[in-house]
1. Among the residues of the stretch A:154-192, how many are in contact with a strand residue (DSSP E or B) (Cβ under 7 Å, 6 or more places away or on another chain), facing another protein chain (nearest Cβ under 10 Å) and assigned to a loop (DSSP other than H, G, I, E, B)?
2. Just to check your reading of the model, which residue among A:52, A:59, A:71 is more than 23 Å from residue A:192 (Cα to Cα) and away from chain B (no Cβ under 14 Å)?
3. Search the stretch B:61-77 for residues being surrounded by fewer than 21 Cβ atoms within 10 Å (Cβ to Cβ) and in contact with a helix residue (DSSP H, G or I) (Cβ under 7 Å, 6 or more places away or on another chain), and hand back the single one that is farthest from residue B:96 (Cα to Cα).
4. Pick from A:225, A:217, A:247: which is buried (at least 19 other Cβ atoms within 10 Å of the Cβ) and on the phi > 0 side of the Ramachandran plot?
5. Taking the stretch A:71-88 only, how many residues are closer than 20 Å to residue A:286 by Cβ and assigned to a loop (DSSP other than H, G, I, E, B)?
6. I need the full set of residues from the stretch A:299-356 which are more than 32 Å from the chain's Cα centre (by Cα) and within 18 Å of residue A:44 (Cβ to Cβ), in order please.
7. Hey, any hits in the stretch B:133-146 for a residue that's surrounded by fewer than 17 Cβ atoms within 10 Å (Cβ to Cβ), touching a strand residue (DSSP E or B) at 6+ places or on another chain (Cβ under 9 Å) and either under 21 Å from residue B:14 (Cβ atoms) or not assigned by TED's automatic domain parsing to the domain that holds residue B:248 (or both)?
8. State the number of residues belonging to the stretch B:207-221 that are surrounded by fewer than 24 Cβ atoms within 10 Å (Cβ to Cβ) and either within 17 Å of the chain's Cα centre (by Cα) or not assigned by TED's automatic domain parsing to the domain that holds residue B:262 (or both).
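The values are calculated or read from the model by the stated rules, or taken from the named source; none is laboratory data. Predicted, not measured: the structure shown is a model, and the values here were computed from it. All Cβ positions, even for glycine, are placed from backbone atoms using ideal geometry, and neighbour counts span all protein chains on display.
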């Protein structure tokens with residue numbers, strides 16, 4: 001696959017078309033019907049949750065939120081390949097991958113409500129919390145990859161970044177280190193065409209991102225990121241490549257951020273309606289749904305019913321997060337160090353004295 | 001402002017935009033760039049309209065790389081331009097620290113004065129906006145600690161305009177930190193024409209006799225609210241707006257403390273090695289025998305700024321500032 005789709009040939013890897021028809025039989029993966037339906041349901045759940053989260057933000061119930069809308073197949077495909085022992089090193093637009101790892105919506109909501117406790121992700125094995133400084137997490141992925149090789153483990157690291165992030169030095173340094181170390185890291189670039197307002201063509205003069213893999217001495221492939229079959233095939237091949245000790249792979253997943261960068265952003269300032277509509281027909285859920293319907297594996301009726309159930313579940317978890325115990329003063333201090341320095345204890349005590357004074361003044 | 005000057009009501013975003021507009025118009029060496037500053041006009045809309053007016057060669061979106069933004073500005077400044085670059089949030093400026101510490105602050109000295117680092121690095125900073133991680137820090141003391149930099153923080157639209165014009169005209173590099181919490185919270189009449197507020201000069205905002213309070217940026221307003229409580233308690237506060245972190249105006253602070261005998265510093269960042277520590281050291285050196293109480297630092301904790309649910313513990317409220325004023329006066 002990595003020979004046939006060597007990025008030097010500028011050929012994007014695609015398996016189904018925008019109507020869900022198979023156009024690349026050679027690379028159509030074998031996936032059981034059950035697994036495929038589960039993948040669709042997971043993407044549908046992520047989309048339902050994502051859209052609802054934006055509306056919670058509009059209602060003032062959470063703070064800033066970066067939507068995933070339109071990019072669900074990338075996390076969805078990764079979720080199908082990623083195993084419990086594998087690592088997930090996310091950026092901040094991979095809800096489906098977080099959930100597949102065992103993170104809960106409640107935890108994600110807590111973070112966006114402004115509580116660090118959400119970052120514990122206690123049922124998610126081998127997953128780092130969100131990294132906000134762009135691309136910085138990719139170096140961590142290379143370091144985890146080193147540990148895997150060092151201890152001769154059979155694990156893969158799935159590390160995410162956006163197209164904007166590929167301009168940061170950390171992106172290039174991470175690729176270089178991982179390739180030198182032959183670290184089992186799959187770098188997945190969600191190329192959603194914009195870094196906030198900056199279009200991809202202003203991010204790099206290169207023909208794309210996947211082609212950059214060649215200079216680092218690693219495999220790379222440009223994939224239609226809204227084609228779940230192509231993404232699954234690419235991630236699966238990449239993970240086999242890494243597990244066989246052949247080093248990292250760079251996957252450029254072409255997609256489109258249908259929503260805003262975050263809820264603080266207004267995309268109408270920098271892109272046109274025509275452009276948004278042109279990308280609409282590539283929607284990843286729509287394409288998989290059309291495929292499933294054509295195979296009589298799915299119906300709109302089923303979907304409508306399921307979405308209603310999902311909405312209730314999302315609301316339930318959101319309310320749980322809203323009812324989370326109030327933030328305490330000690331929560332500010334207690335995780336700063338393994339053992340709290342005396343001076344920090346004193347700062348906490350002094351603040352407690354202030355709170356008593358404040359209470360007494362009332 | 002002197003009589004006759006045309007005035008316009010501005011918030012800090014308008015005032016900074018106005019300063020950039022004036023300097024772009026009068027000096028073609030001024031170049032403005034950073035992440036999303038062009039088409040979008042910056043995530044806080046500070047550079048709105050400037051690309052349209054001055055073109056993409058002079059106001060533009062860079063690729064997403066803070067180190068590259070500052071590093072290229074070093075080259076531009078060495079070659080004679082006056083870049084004004086934006087770090088989208090101060091918490092994202094850290095990839096640029098290598099360039100700032102290794103070159104921005106040093107090239108003038110390294111080249112024995114041959115190359116000026118005539119650049120401004122603008123960055124919104126500070127807490128109180130219910131933001132995600134890395135969007136709320138106050139690391140001004142850190143920049144103040146780097147020899148070779150000037151560090152400026154305005155607290156009003158008027159000062160923001162005059163200080164930014166001075167910063168762009170300075171042949172030395174200036175870190176221009178913008179208290180984003182009050183970007184739009186304060187409006188005042190600001191002269192439409194060009195004017196300078198000098199770098200390195202603090203301003204006494206109100207005269208008092210019992211205690212000197214030194215603050216800057218968004219904290220000035222919080223201290224002013226605390227002063228209402230202090231007045232009710234019969235305490236007379238002298239408030240100094242520092243305006244420049246470095247070079248620090250020792251004279252103004254020292255003269256005030258010699259009069260009041262007490263000093264409180266109000267700064268949102270962590271306690272240790274911060275602005276309060278620096279000012280306390282200055283007072284110990286310059287006004288030791290005039291002190292009637294130990295200098296008091298009112299600061300955030302030596303912790304990470306908590307996410308919004310816990311941020312209220314960290315932020316300095318008027319009540320917290322008054323509490324410390326009262327304790328110092330009663331010492």
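1. Of the residues in the stretch A:154-192, 1 are in contact with a strand residue (DSSP E or B) (Cβ under 7 Å, 6 or more places away or on another chain), facing another protein chain (nearest Cβ under 10 Å) and assigned to a loop (DSSP other than H, G, I, E, B).
2. Numbers: A:52 fails: more than 23 Å from residue A:192 (Cα to Cα); A:71 fails: more than 23 Å from residue A:192 (Cα to Cα).
Matching residue, one of A:52, A:59, A:71: A:59.
3. Residues of the stretch B:61-77 that are surrounded by fewer than 21 Cβ atoms within 10 Å (Cβ to Cβ), as a first pass: B:63, B:67-68, B:71-72, B:75-76.
Filter once more, so that each one left must be in contact with a helix residue (DSSP H, G or I) (Cβ under 7 Å, 6 or more places away or on another chain): B:63, B:67, B:71.
Working: B:63: 14, B:67: 4, B:71: 8 Å.
Looking at the filtered set, the residue picked out is B:63.
4. On the way: A:225 fails: on the phi > 0 side of the Ramachandran plot; A:217 fails: buried (at least 19 other Cβ atoms within 10 Å of the Cβ).
After applying the criteria, what remains is A:247.
5. 1
6. Within the stretch A:299-356, no residue meets the criteria.
7. Yes, some residue in the stretch B:133-146 is surrounded by fewer than 17 Cβ atoms within 10 Å (Cβ to Cβ), touching a strand residue (DSSP E or B) at 6+ places or on another chain (Cβ under 9 Å) and either under 21 Å from residue B:14 (Cβ atoms) or not assigned by TED's automatic domain parsing to the domain that holds residue B:248 (or both).
8. Within the stretch B:207-221, the first condition is being surrounded by fewer than 24 Cβ atoms within 10 Å (Cβ to Cβ), and the residues that meet it are B:207-210, B:221.
Now drop any that are not either within 17 Å of the chain's Cα centre (by Cα) or not assigned by TED's automatic domain parsing to the domain that holds residue B:262 (or both), which leaves B:221.
The number of residues fulfilling the criteria is 1.
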